[in-house]
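What follows is a set of notes on a single structure, which appears directly below.
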Amino acid sequence: MKKSKRIAKYIVPVVIVLVVVLMAAVPSFTDPYKVVLLRTILMFAILTLSWSLFSGTTGYTSLATAAFYGAGLYTTAYLGDKLPLPLIVVCGGIAAFVLALLMGAITLRLKGIYFSIFTLSSVELIKQILHWYEINIIGVRGHYVTRVNDVTVYYVLLVITVLLMLTIYLIKRSRYGLALSSIGSCEEAAAHIGVNVVGLKVLTYAISSFFIGMAGAIMATAMLYIDSYVAFDLNYSFFPTLMAIFGGLGNILGPLVGAAVFTYLREILITKYPYHYMLIFGTVMVLTILYLPSGLIGLAQNIWKKLTNPAPEKGLKTEGGKHADTSC
Amino acid sequence: MKKKSLLLICLIACLVLVLILVGCAGNKAGNNGAGNNDSNNSAGQNDSGDKKPLPDKDKIVLGGARSLTGPLAIQDQTCFGPVYRMWVDEVNARGGIYVKEYDKKLPIELKIYDDTSDMNTMINLLKKLMIEDKVDLLLAPISTGFLHAAAPIANEYGYVLIGAEGGAKELESMMASLPYFFSLLNYATHQAQPFVDMIAEAGIKSAAVIFIADQHGIEYSGALVPLLEMAGIRVEFSRSIPQGVQDVSALIEEAKAKNVEALLCCAYPDENFKVMSQCMESDYNPKVMVFGPGICLEVFHDIYGEATEGVMGWGAWNEKSSPEMADLAKRLIEHQGGVRNVDWWGQAIYYSGLQALEQAIEKAGTLDNSVLRDVLATETFDTVIGKLWFENGGVPAECYPGQVGQWQNGIFEVVAPSEKATAKPLIPKPAWPAQ
Amino acid sequence: MIAFINVLVNGLLLGGIYAITAMGLSLQYGVARILNIAHGEFIMVGAFLTFVLHTKLGINPLFGLAVAGPALFVVGYLIQRILFKTLKDRTPTPAAFEGSSMLMAFGILFMVQSIAIFIWGTNVQGYSYLAYSVYLGDIRFSVNRLVILVISVLICLLFYLFLTRTRAGKAIRAASQDPDAAGLMGVDINKMLALCFAFGAMMAGFAGMLISMVFPIYTTMGMQYTIIAIIVVVLGGLGSIPGSLIGGFLLGIFGAIVSAKDPGLNMAAYYLLFMVLLLVKPSGLFGR
């Protein structure tokens, strides 16, 4: 048991490194559309990882991802032709960072479902006010964004992903990470043993949003045209949450795998079965949540456990395995 | 121990990555150019690049990213959707389109993807269609905003894109840089002038404008308000409403209190229908009512019945416009299993756009989009709405079968401009039917 | 001034719809702990059932009360029994259940909407019913909104009486306050939860029926009503029936006042009101 765990611990980083190297090399040997698809996967991977960095560890389900993403998009919309690309990306991150600091500071008192609803409506509020302001005060009708080619966007997203994963890894390793997970398990107790609960929460929220903002800023250059309804789309709040749960929480790989499988599945459905996409998608979602409560990674761990430790652990595995086959 | 080694691995990973990136950054510049050339090439090559041994082709693939689900899906089913499906069936029933370079008739295969009303998805799918599936022809996505994003992409990959639902005057300024994009639907400016002329002639003195807060609303209110003022019609207010608004009765109350004679609502079906209902509920019956998209749909008459009498909307064409259009309406209804689901603004125009595309292919004798583009930009086509040609990437006003329509006895009559009118405008509109 | 009073009256009348939209969700979350994102889809189904009855069979839309409500009651009961109960048995903690039940509701949203699109398409539909006004002095009441107000208040009242006066209602309340103790006292918790979810779906059916009488309907409209419902529920306090009623009226009147100033900010004002209230009093106006 312990041995297998140790092996697993070594395997994970090695696999990650291999995957990253592979992904960096992808544009040079595949057709350009694969890059576009991988780009979408990376974008969702960033959103999902960032989401799980805060919500996965602290247990506060944030639905404001779309707001931070939109903040990034809008940064590019306004600064796109004024600054060089790397600076814009960082600016997008900072915009989201500041927004998250603000939102975090305001929502300190809220817990559980109230926090989720508040963050959800913040997306809509920003969308509506921005829209009203642009239409009625400055008379703008959407923004054109200078285009950057797909390969560049892809690399920038890849770098952001790696940075994000490193950040998550370092945070989890540090005292800071321990304090964070203590909030997740019992906030009062954490406060009692001297953890600065408030500061920690807000800071983590802001850090995780920083990456979402960066992803938004670079994705804007692939979207060409942005208005507030495009930028602040609630789907970008729901999808990362779903992807993270789909992949499995509590492990850095979970959100990653969730984002990749989820995006790929969706891609197949909307192209192969456009008229039945929603029905199949909904069914897969319901079955996943019923039969894979700990996500794809949970299933993989179960199988791993079974392989290394053939003690009979009945239940979930057999049924779950079936679905994993269909979704992978 | 473990901690350290793990960290080490990660750091090494980082290093490797940075190295690769540096390597790629060098390549990238080259790649960029190559990528662009590539796309240019592929557009050409996929159709005519290898001149001599043309790969045998047995069908024309017509691809499109359309919103089959999500908020925009309303439009696919009522506007362009029935038209392109019927057109494909009709062409295939004729055996296909004759393409000279293959010296045979090629049937059309539709390849429709669902963009779920999400712009990013739409862009990805368009790229998939162009890069991976290498479709021969492209259909436009739904809505003005999406067209804004799709036009430059189609242009970059050298695909002809003929607009459908949506079209913005604003794009006109960019037309020079978008040679492959052709806007099909009427601009706000086309419609505002004949409308204002008509109501000014009828002696309307005051107006109020409600517009939806997006490109469509801004464009229409922006075109209408100055014209109204120039014609000496007082504009009492011009207010925006957000998408998905529930209650507009406050605006109607205000218009009623100010005794506004013409109510102009530049919004989408959902909001237009709400304004209509709430005008009826508040017993407010202005002399002129004109609405944006939605009012031109047959379903509007299904919902409101007699109350539609005298209500105006942008458009328009109907069975009386010409024998060809009467036939088109008949076929559209038949193709939908006898359901009278017709859009009396756009469908004749969309159909003409497809006819123009078909004729362009026949004239060009090739599926090479760059040749098609030149043919489309220069030639004149015989379509169901009459002669159709493109000027500056858009359709000139005289091609349209009408600019303003009005419901009269259950028919969406063309009332402006007067030379295309199928009926005299009914101003003031009659009272709401008694309950 | 009269115009402004008319605006207020309109808002008040609209509040009835908001209230009944929210009540179902409030029940589902307050007792069954399911934040039912698919609530709006049930409303949509209710609206379309009424629409079909009215336009195809010529039956009075008010008859939808007898059809849309019970139909959705059955659907809701089955969904809770088959899906959510299984999920509840499989999830270890209540907190985990809240998360995963929302995810499942999302899946249900997709399925319901997809099936509705197969059947009814994506076209905007509707019908015109009692679209005229009656006057009381200078103040104007739209008849259909008046009918809606009366019906929604009646339904609220009846349901409130059901919860407070009947045995089943008391069991439901007990289950919501302390499921374990209620279970020990011989209340069949699972049945109560299923009943609650079913009642919530039934309310959605009623709301759909009322909405179809005044607003255009289409198969993709669900989400906008879900969001309104969430706002009202939090405004009034999760799980509180009178809270939903009053929250609905508040939102209606508030929306009307904002619309009179600048309709462009209508939606923004909803969210602002709601977020401020969340900060000041997270448990809602009538929350426990």
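The values are calculated or read from the model by the stated rules, or taken from the named source; none is laboratory data. Small disclaimer: the values here were computed from a predicted structure and weren't measured. Quick reminder, even Gly has a Cβ in these numbers, built from the backbone with ideal geometry, and neighbours come from all protein chains shown. To get the accessible areas, we keep the full protein, side chains included, count just its heavy atoms, and leave off ligands, DNA and RNA. Shrake-Rupley method; radii C 1.70, N 1.55, O 1.52, S 1.80 Å.
Under DSSP H, which helices of chain C have Cα atoms covering 20 Å or more of the helix axis and a Kyte-Doolittle average no less than 1.0?
Correct list, ordered by number: C:2-30, C:39-57, C:64-79, C:94-120, C:143-165, C:189-214, C:222-236, C:241-261, C:266-280.
Computed over protein heavy atoms with a 1.4 Å probe, the accessible surface of segment A:31-233 works out to 32 Å² per residue. These residues, C:H39, B:H216, C:H54, go from largest to smallest accessible area, 1.4 Å probe, as C:H54, B:H216, C:H39. Residue order by solvent-accessible surface for B:R94, A:R39 is B:R94, A:R39, largest first, with ligands and nucleic acids left out and a 1.4 Å probe. Overall shape: oblate for segment A:31-233, with the ratio a/c of the largest to smallest alpha carbon gyration tensor axis at 1.5 or above and b/c at least equal to a/b.
Per residue, how big is the convex hull of segment C:179-247 when only Cα atoms are used? Give it in Å³. Working shown, then result.
Numbers: hull volume 7.6 nm³, N = 69.
With only Cα atoms used, segment C:179-247 gives 111 Å³ per residue.
Of the three principal axes defined by the Cα atoms of segment A:175-285, the extents in descending order read 55, 33, 20 Å.
Which entries of A:K306/C:K85; B:K274/B:K320; B:K111/B:K330; B:K169/B:K363; A:K305/C:K88; A:K34/A:K272 have Cα-Cα distances beyond 19 Å here? Don't skip to the end; give the middle numbers.
Numbers: A:K306/C:K85 28 Å; B:K274/B:K320 30 Å; B:K111/B:K330 26 Å; B:K169/B:K363 29 Å; A:K305/C:K88 25 Å; A:K34/A:K272 16 Å.
Long pairs (Cα-Cα over 19 Å): A:K306/C:K85; B:K274/B:K320; B:K111/B:K330; B:K169/B:K363; A:K305/C:K88.
Under the simplified labelling scheme, the C:L184-C:I5 pair shows an inter-label distance of 5.8 nm, with each label point 7 Å from Cα along Cα→Cβ. If you look at the Cα atoms of segment C:161-288, you get an Rg and a Dmax of 17.1, 55 Å. With just the Cα atoms defining each centre, how far is segment B:201-266 from segment C:139-214? Give it in Å. Result: 42 Å between the Cα centres.
Helical content alone sets the calculated 222 nm signal of chain C at -25000 deg cm²/dmol, taking -39,500 (n - 2.57) per DSSP H segment of four or more residues and averaging over every residue.
Starting from the Cα gyration tensor of the protein assembly as shown, take the square roots of the eigenvalues, sort them a ≥ b ≥ c, and report rounded, prolate or oblate (rounded when a/c is under 1.5, otherwise prolate if a/b is larger than b/c, else oblate). Please report the intermediate quantities before stating the final value.
On the way: a/c = 1.76, a/b = 1.13, b/c = 1.56.
It is oblate, given that a/c is not under 1.5 and a/b is not larger than b/c.
Take peptide A:164-171, look around each residue's Cβ out to 10 angstrom, count Cβ atoms belonging to other protein chains, and average those counts. Intermediate values should be presented prior to the final figure.
Working: counts 0, 3, 6, 0, 0, 3, 2, 0.
Partner-chain Cβ atoms within 10 Å, mean over residues of A:164-171: 2.
Membrane-span-like helices in chain B, defined purely by DSSP H runs whose alpha carbon atoms cover 27 Å or more axially and whose average Kyte-Doolittle hydropathy reaches -0.5, are B:2-44. When only alpha carbons of segment B:225-299 are considered, Rg and Dmax amount to 12.3, 35 Å.
In chain B, the DSSP-assigned H stretches of four residues or longer account for a calculated mean residue ellipticity at 222 nm of -14000 deg cm²/dmol, using -39500 (n - 2.57) per stretch and the full residue count as denominator.
Mean partner shielding of peptide A:206-219, defined as the number of other chain Cβ atoms within 10 Å of each residue Cβ, is 0.
Amide H contacts of B:S206 (H built 1.01 Å from N, in plane; Pro and chain starts excluded): B:R234, B:E261, B:A262 sit under 5 Å, all sequence-distant by 5 or more or on other chains.
Descending by average beta-carbon neighbour count within 10 Å, the peptides A:24-32, A:245-253 line up as A:245-253, A:24-32, the highest first. Rounded to the nearest 20 debye, the dipole size of segment A:48-202 about its Cα centre is 200 debye, using +1 on the Cβ of Lys and Arg and -1 on the Cβ of Asp and Glu.
Annotation for segment A:70-97 versus segment A:148-224: alpha-carbon center distance of 18 Å. Computed over every Cα-Cα pair of segment A:1-121 and binned at 10 Å starting from 0, the pair-distance distribution P(r) comes out as 11, 28, 30, 23, 7, 0 percent. Charge dipole of chain B (Cα centre as origin; +1 on each Lys and Arg Cβ, -1 on each Asp and Glu Cβ, all else neutral): 1180 debye, rounded to the nearest 20.
Only the Cβ atoms of Lys and Arg (+1) and of Asp and Glu (-1) were treated as charged; on that basis the dipole of segment B:298-435 about its Cα centre amounts to roughly 300 debye.
So what is Rg over Rh here for segment A:135-195, counting just Cα atoms and using Kirkwood for Rh?
Numbers: Rg = 20.8 Å, Rh = 15.6 Å.
Value, to two decimals: 1.33.
Can you order the peptides C:176-185, B:319-328, B:121-130 by their average number of other Cβ atoms within 10 Å per residue, highest first?
Details: C:176-185: 13.4, B:319-328: 17.3, B:121-130: 25.0.
Ranked by mean Cβ neighbours within 10 Å, highest first: B:121-130, B:319-328, C:176-185.
For the segment B:248-261, counting C-beta atoms of other chains within 10 Å of every residue's C-beta and taking the mean gives 5. Its relative contact order, with pairs defined as Cα atoms under 8 Å and 6+ residues apart, puts chain C at 40 percent. With the convex hull drawn around the C-alpha atoms of segment C:2-280, the volume per residue stands at 133 Å³.
Any idea what % of Cα-Cα pairs in chain B are farther than 28 Å? Write down the numbers at each step before the final one.
Details: 49997 of 94395 pairs.
Here the tail beyond 28 Å accounts for 53 percent of pairs.
In whole percent, what relative contact order does segment A:31-233 give with Cα contacts below 8 Å and a gap of six or more residues?
Contact order relative to length: 47 percent.
Using a probe of 1.4 Å, the accessible surface attributed to C:D188 totals some 80 Å² when neighbouring protein chains are kept in position. Of the residues A:H143, B:H335, ranked by 1.4 Å probe accessible area with the largest first, the sequence reads B:H335, A:H143. Between A:R141 and any residue 5 or more places off or on another chain, the built amide H atoms are never under 5 Å apart. Within chain A, the selection of entire DSSP H helices by a Cα span of 18 Å or greater along the long axis and an average Kyte-Doolittle value of at least 0.5 returns A:2-29, A:32-51, A:65-79, A:85-106, A:112-132, A:150-173, A:197-223, A:253-272, A:277-291.
The solvent-accessible area of C:R33, taken with every protein chain present and a 1.4 Å probe, is close to 100 Å².
Please label the shape of segment B:101-159 as rounded, prolate or oblate, based on the square roots a ≥ b ≥ c of the eigenvalues of the alpha-carbon gyration tensor (a/c under 1.5 means rounded; beyond that, a/b larger than b/c means prolate, else oblate).
Details: a/c = 2.21, a/b = 1.85, b/c = 1.20.
Judged from the Cα gyration tensor, segment B:101-159 comes out prolate (a/c at least 1.5, a/b above b/c).
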